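I have placed the structure first, in the form of structure tokens, so that the comments after it can refer back to it.
The values are calculated or read from the model by the stated rules, or taken from the named source; none is laboratory data. The structure presented is a predicted model; accordingly, all values stated were derived computationally and were not measured. Cβ atoms come from the backbone with ideal geometry, glycine included; neighbour counts cover every protein chain shown. When the accessible area is computed, the model is the full protein with side chains, heavy atoms only, and any ligands, DNA or RNA have been set aside. Shrake-Rupley method; radii C 1.70, N 1.55, O 1.52, S 1.80 Å.
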Amino acid sequence: MADLLPEHPDFLWRNPEPKKSYDVIIVGGGGHGLATAYYLASKHGITNVAILERGWLAGGNMARNTTIIRSNYLWDESAAIYEHSLKLWEGLPEELEYDFLFSQRGVMNLAHTLQDVRESKRRVNANVLNGVDAEWLDPQQVKEVCPIINIGDDIRYPVMGATYQPRAGIAKHDHVAWAFARKCDEMGVDIIQNCEVTGFIKDGNRVTGVETSRGRINAGKVGLAVAGHSSVLADLAGFKLPIQSHPLQALVSELFEPVHPTVVMSNHVHVYVSQAHKGELVMGAGIDSYNGYGQRGAFHVVEEQLAAAVELFPIFARAHLLRTWGGIVDTTFDASPIVSDTPINELYVNCGWGTGGFKGTPASGYTFAHTIATGEAHPLNAPFALDRFETGHLIDEHGAAAVAH
């Protein structure tokens, strides 16, 4: 394995025939499903695990995400799980023995209005109280961190300051998936691609297996980690999820020499930008307002985000667009995830991360594995239970964590 280039992981060609029965089946071969299987094996000693993926390994949202990693969320529950995730990120390259280009280059969230400034300073104070590294930058300090940004007062949304988390950054998303998958493969987890789950087998109110395009597979427990299609599988299992699916727009430019040293996000203008390791500028906006599964760029959204980006970064006016796409994100009513048991015994769900899914990957897998293995929620994911939508104990991150990415 060590002799192979990262672009050509050796396990991708393997696609074993599923066994008749597993202790745990994880539905979804993206980042969260792979991380869950990894922690089931490494932390709980459960290796008789199958990851079932309808398409190919990490070919869904994991291949279409923002690559941004941060933990500067407002509410205590969010800050706790995302900060735990960031701490896991910091040790994963060594733990997984794989360089997935984790780069702690910092993340800035810009403020353009007086209300932005007030809300941003509030979030910085909340972050510090929760042990998250965060600071407030004035416009000149913003310019020092990111020299190419326009801090002049002659643009529609002048920069009035920014929050800054120095430990935040980016990682190469497909390499992250391969890193987890290699370790899962080494520990005996079956990664079964081209295997669509078409139904659930139940004994009364207890799940006992799944029907798939490759036959029936029995299981002691089943975990769902299928971004964008969680509600579809929940319906098959016989319960409802309080989530909606939306396309999320993003794009990349052609390759450039390094010009953008950090990650910059703006909620008011609704654009974010970082520069990938190969040199392309990675930009994105918010979710489309309509529900859908379209994995393509909505032109009016892309046009608006580029206009905003060029005002903030005049140098980008000379960049050429390479490609656009749309990811599919599950969003809950409070913009926070669901990592929980379900009304069906031994069936668990991990969904609703919205645009926070990539940054939450390690903690998502860590806590979901704990919940599946023990039948009890980990303290970090206990607040994100499905029943909070009945009790009213919501974790409302809508607009509270700057732009949601």
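So the values come out like this:
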quantity	calculated
The stretch 338-382-the stretch 94-150 distance, computed between alpha-carbon centres (Å)	27
Protein accessible area in the stretch 181-313, 1.4 Å probe - carbon and sulfur %	51
Under the span-like rule (Cα at least 24 Å along the axis, Kyte-Doolittle mean at least -1.0), DSSP H helices of the chain	76-95
Euclidean distance of C-alpha centroids, the stretch 231-282 and the stretch 318-337, integer Å	4
List 221, 202, ordered by accessible area with a 1.4 Å probe, largest first	202, 221
Carbon + sulfur, % of accessible area of the stretch 6-117 - ligands and nucleic acids excluded, 1.4 Å	52
The chain: calculated mean residue ellipticity at 222 nm from DSSP helix runs of at least 4, using -39500 (n - 2.57)	-8500 deg cm²/dmol
Carbon plus sulfur fraction of accessible area for the stretch 322-384, probe 1.4 Å, in percent	52
Extension gain (nm, one decimal) between residue 278 and residue 104, 0.36 nm per residue minus Cα-Cα	61.0 nm
Descending semi-axes in Å of the chain, equivalent ellipsoid built from Cα gyration tensor	36, 23, 19
Vicinal HN-Hα couplings computed from phi for the stretch 62-71 (Karplus, 6.51 cos²θ - 1.76 cosθ + 1.60; Hz; Gly/Pro x)	4, 8, 10, 9, 7, 6, 7, 10, 7, 9
For the chain: lysine pairs under 21 Å (alpha-carbon distance), excluding those fewer than 8 apart on one chain	21
Mean shadow area of the stretch 291-368, taken as a quarter of the surface of its Cα convex hull (nm²)	7.7
Hz values of 3J(HN,Hα) by residue in the stretch 333-348 - Karplus curve (6.51, -1.76, 1.60), Gly and Pro given as x	5, 10, 6, 10, x, 10, 10, 6, 6, 9, x, 9, 4, 6, 10, 10
Rg followed by Dmax, in Å, when the stretch 246-405 is reduced to its Cα trace	18.1, 56
Probe 1.4 Å, accessible area per residue of the chain, Å²	41
Sites excluded, GluC sites (Glu not before Pro) in DSSP loops with at most 15 other C-beta within 10 Å, longest stretch of the chain	197-375
Solvent accessible area, Å² - residue 116, 1.4 Å probe, full protein context	30
Charge context of residue 352, other residues only, Cβ under 12 angstrom, K/R +1, D/E -1	-2
P(r) of the stretch 106-201 over all Cα-Cα pairs, binned every 5 Å from zero, in whole percent	3, 11, 15, 14, 11, 8, 7, 7, 9, 9, 5, 1, 0
Residue 75 accessible area, 1.4 Å probe, all protein chains in place, Å² to nearest 10	90
Expected-Rg normalisation [2.2 N^0.38 Å, Cα atoms] applied to the stretch 173-303	1.41
Cα→Cβ-extended label distance, 7 Å offset, between residue 333 and residue 117, nm	3.6
Cβ-defined net charge surrounding residue 130, 11 Å radius [Lys, Arg +1; Asp, Glu -1]	-3
